[in-house]
């Protein structure tokens with residue numbers, strides 16, 4: 001099969017390697033261009049260099065020049081994964097078999113830019129990968145293959161994404177083989193069951209302590225390695241809060257208890273750092289103060305002692 005691989009981030013690299021290993025002719029690797037002079041090369045750009053594959057980094061593939069260049073290759077298929085630009089119909093029509101995409105969710109659940117993160121944020125027990133034919137509507141095309149995997153309750157989004165990337169290479173390999181053999185059987189998605197996974201911003205990291213401890217734990221692990229969960233910390237008698245990044249946490253008490261402190265109240269600050277939530281309480285395991293490295297909460301407390309009754313939340317900041 002003559003293939004053009006479109007991808008930018010690390011999620012796409014195992015798939016590119018698998019397409020090459022399967023013996024397909026990868027005519028070109030297309031990635032998004034660097035965002036600035038100091039931006040590191042895209043993971044897919046580095047993989048293309050390592051595999052001695054032609055690399056193209058256009059501002060867009062959707063303009064007339066991009067469409068013409070793709071059409072001139074005579075490729076059979078566009079294989080897309082973690083690319084970063086929505087492909088318009090003229091691009092999809094440049095190859096004999098159109099374009100397929102590896103997506104890190106069980107479509108139609110979590111259509112959008114951050115499916116792995118939203119699955120963790122929502123506390124999903126299961127997720128997976130889907131390969132589908134790309135249509136102009138976002139992540140809505142017919143499915144060519146699905147993989148399922150449980151999500152460990154302590155697994156971060158970054159860890160899960162790495163796992164799904166390796167799994168997905170096999171799924172993409174199978175889908176391409178079926179397309180080449182003419183045995184693919186597309187299955188339409190149930191649009192009524194679709195959920196959205198929009199791109200994350202730093203604002204998603206702000207912890208709302210009125211939520212349940214379980215939900216906040218999912219926020220902490222769902223936003224690793226970016227944009228990361230954070231909270232402001234204010235000690236009694238101090239006006240200026242400290243912004244604290246929370247890297248790791250676990251549920252200390254899952255249920256509402258009689259006499260529970262108000263959400264955001266520090267309820268234990270000796271060897272453990274435990275904070276009351278809307279339901280239950282959360283133990284912060286690894287935290288990071290401004291200008292400091294991430295450290296165990298016990299180490300943080302030795303250098304920045306807290307007292308029961310100190311508060312976490314947002315105190316007029318962003």
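The values are calculated or read from the model by the stated rules, or taken from the named source; none is laboratory data. As the structure is a prediction and not an experimental result, all values here were calculated from the model. A quick note on method: Cβ atoms are made from the backbone with ideal geometry, for glycine too, and the neighbour counts reach across all protein chains shown.
Brief remarks follow.
- The stretch 156-167: number of residues that are buried (at least 17 other Cβ atoms within 10 Å of the Cβ) and in contact with a helix residue (DSSP H, G or I) (Cβ under 7 Å, 6 or more places away or on another chain): 6
- Any chance residue 61 is under 27 Å from residue 177 (Cβ atoms), assigned by TED's automatic domain parsing to the domain that holds residue 162 and in a helix (DSSP H, G or I): no
- Residue in the stretch 182-189 that is under 23 Å from residue 110 (Cβ atoms), assigned by TED's automatic domain parsing to the domain that holds residue 139, within 23 Å of the chain's Cα centre (by Cα) and in contact (Cβ under 8 Å) with a residue 12 or more places away in the chain present: yes
- Residues of the stretch 86-105 that turn out to be in contact with a strand residue (DSSP E or B) (Cβ under 8 Å, 6 or more places away or on another chain) and surrounded by fewer than 21 Cβ atoms within 10 Å (Cβ to Cβ), as a count: 5
- For the stretch 277-310, the set of residues classified as free of Cβ contacts under 8 Å to residues at least 60 places away in the same chain and more than 22 Å from residue 228 (Cβ to Cβ) consists of 302, 305, 308, listed by residue number.
- One residue stands out among those in the stretch 277-305 that are crowded, with 19+ Cβ neighbours inside 10 Å and part of a loop (DSSP other than H, G, I, E, B): the one that is farthest from the chain's Cα centre (by Cα), which is 280.
- For the stretch 253-276, the count of residues that are within 29 Å of the chain's Cα centre (by Cα), in contact (Cβ under 8 Å) with a residue 60 or more places away in the chain and part of a strand (DSSP E or B) is nonzero.
- Pairs are defined by a Cβ separation below 8 Å, a sequence spacing of at least 6 or placement on different chains, a first member in the stretch 39-51 that is modelled with pLDDT under 95, and a second member that is exposed (fewer than 15 other Cβ atoms within 10 Å of the Cβ) and not in a helix (DSSP H, G or I); the pairs so defined are 40/34; 41/34.
- Subset of the stretch 36-56 (residues that are within 24 Å of the chain's Cα centre (by Cα) and either under 16 Å from residue 10 (Cα atoms) or assigned to a strand (DSSP E or B) (or both)): 39, 40, 41, 42, 43, 44, 45, 46, 47, 48
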